[in-house]
Amino acid sequence: HVLRYTPLYGKIKAIVASGQLGDLVSLSATEGVEAWHQAHSFVRGHWAVARQSSPMILAKCCHDLDIIRWLVDRPCQRVSSFGALSHFKAENAPEGAPARCRDGCPIEQQCPYNAARYLGDKRDWLHVCTLEPTADEERLADWVHHSPWGRCVYQCDNDVVDHQTVNLSFANNATATLTMTAFAEGRQIEIFGTKARLHGTRSNVVIQPHDSRKSPLRIDLSAADSSDYASHGGGDSGLIAALYDEMKKENPDEMTSSLSASVESHRIAFAAEESRLTGRTVEL
């Protein structure tokens, strides 16, 4: 539920609640995981194998499913989903590629997933390293080589998807779709209301009235945007800033989020994975 505390989704929630869009009819959201993040966390990393962690749609998109449920503001009744692991698997490995990047890969310099980047432009991702902060370059290089993050991304034990779509039907007949893909970066959302359409990105929101005589309304969020996008677009700091006020509220209905609200997104995610695996629509 951390995205509820970002400038983007806080503004969108207020717009929906104001009635500017009319009744919410449908919604489309995209979560671009970003290819390096996919390789780091969901191919080489802790969430690569579903039975050892969780389905990809839960690990990465419980945030997004929560935001959709929050904006529609009605119970989700039916879920269907499709997705697969298409790219990060053995048949896509470059010819002659070894099991580890530093063991003489013929396309080492051209591969975007080269583990040597952990010692270069992707050094920030070394927070997974178990060495002490004072470790020298030689020890870091050795750790990268021998750790799970030194493996060729096409020759790991990963089984979670690298793309998935989720279709949702709500109690008020509103519908929503979520697209999660490793091959895009960042979140976008479109909301289709009976009066206007909204398009939101990290830094701005555009409201386009259906009445062609009215001009679009553009809301610039760049000034409120967090410089640390990795911290959920400012949601991490926003949640901590709001925590004390949230705890003081006597009426739980007045809280921006709660355990009972947050758990709904997890139920939807598990239903989506059940649908993906069985091919059936799941009733909630």
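The values are calculated or read from the model by the stated rules, or taken from the named source; none is laboratory data. Bear in mind the structure is a predicted one, so any value in this text is a computation, not a measurement. Every residue, glycine as well, gets a Cβ built from its backbone with ideal geometry; the counts of neighbours run over all protein chains shown. With ligands, DNA and RNA removed, areas are computed over all heavy atoms of the protein, side chains included. Shrake-Rupley method; radii C 1.70, N 1.55, O 1.52, S 1.80 Å.
Ordered from highest to lowest accessible area with the whole protein assembly present and a 1.4 Å probe, Met247, Met56 read as Met247, Met56. Shape analysis of the chain yields a ratio of the Cα radius of gyration to the Kirkwood radius, Rg/Rh, of 1.01. Placing unit charges on the Cβ atoms only, positive for Lys and Arg and negative for Asp and Glu, gives the chain a dipole magnitude near 840 debye about its Cα centre. Other residues whose C-beta falls under 11 angstrom from the C-beta of Gly186 contribute a net charge of -1, scoring Lys and Arg +1 and Asp and Glu -1.
Report, to two decimal places, the Cα Rg of the stretch 99-225 normalised by 2.2 N^0.38 Å (N = number of residues).
Working: Rg = 22.4 Å, N = 127, 2.2 N^0.38 = 13.9 Å.
Working it through for the stretch 99-225, the quotient is 1.61.
The heavy atoms of Cys76 present about 10 square angstrom of accessible area, all protein chains included, probe 1.4 Å.
First check a/c for the stretch 103-156, with a ≥ b ≥ c the square roots of the eigenvalues of its C-alpha gyration tensor; if it is under 1.5, answer rounded, and if not, answer prolate when a/b is larger than b/c or oblate otherwise. Here the stretch 103-156 falls in the prolate category. Computed from the Cβ-Cβ distance with R0 of 45 Å, the FRET efficiency linking Lys248 to Glu138 stands at 0.30. Panel values: the stretch 53-128, Kirkwood radius from alpha carbon pairs, Stokes-Einstein at 25 °C and 0.890 mPa s, translational diffusion coefficient 150 µm²/s.
The stretch between His266 and Arg51, if pulled fully straight at 0.36 nm per residue, gains 75.8 nm over its current Cα-Cα span.
To the nearest 0.05, how large is the calculated FRET efficiency for Ser222 and Ala99 if R₀ is 51 Å and r is the Cβ-Cβ distance? Numbers along the way, then the final one.
Details: r = 44 Å, r/R0 = 0.86.
It comes to 0.70.
When a/c is below 1.5 the answer is rounded, else prolate if a/b is larger than b/c, else oblate, so apply that to the stretch 190-284 with a ≥ b ≥ c taken from the square roots of the Cα gyration tensor eigenvalues. Walk me through the intermediate numbers first.
Details: a/c = 1.78, a/b = 1.13, b/c = 1.58.
Verdict is oblate for the stretch 190-284.
Among the GluC sites (Glu not before Pro) in the stretch 11-108, those located in a DSSP loop and surrounded by at most 12 other Cβ atoms within 10 Å of their own Cβ are Glu95. Put +1 on the Cβ of each Lys and Arg and -1 on the Cβ of each Asp and Glu in the chain; which of Asn251, Ile189, Asn173 then has its Cα farthest toward the positive end of the dipole? Toward the positive end, the furthest listed residue is Asn173.
Just how far, in whole angstrom, is the stretch 228-284 from the stretch 137-175 if you go by their alpha carbon centroids? Each part's Cα centre sits 21 Å from the other's.
Counting heavy atoms of the protein chains alone, Glu274 has an accessible area of about 90 Å² for a 1.4 Å probe.
Just checking the listed ones, Thr179, Thr165, Thr194: in the Gaussian network model of the chain with Cα springs under 10 Å, the one fluctuating most is Thr194.
Principal semi-axes of the equivalent ellipsoid, √(5λ) from the alpha carbon gyration tensor of the stretch 1-129, are 38, 17, 13 Å from largest down. In the assembled protein chains, His145 presents an accessible area of approximately 30 Å² (probe radius 1.4 Å). Compare Pro148, Pro133, Pro75 in a GNM of the chain, Cα atoms joined below 10 Å, and give the one with the largest fluctuation. The residue that fluctuates most here is Pro133.
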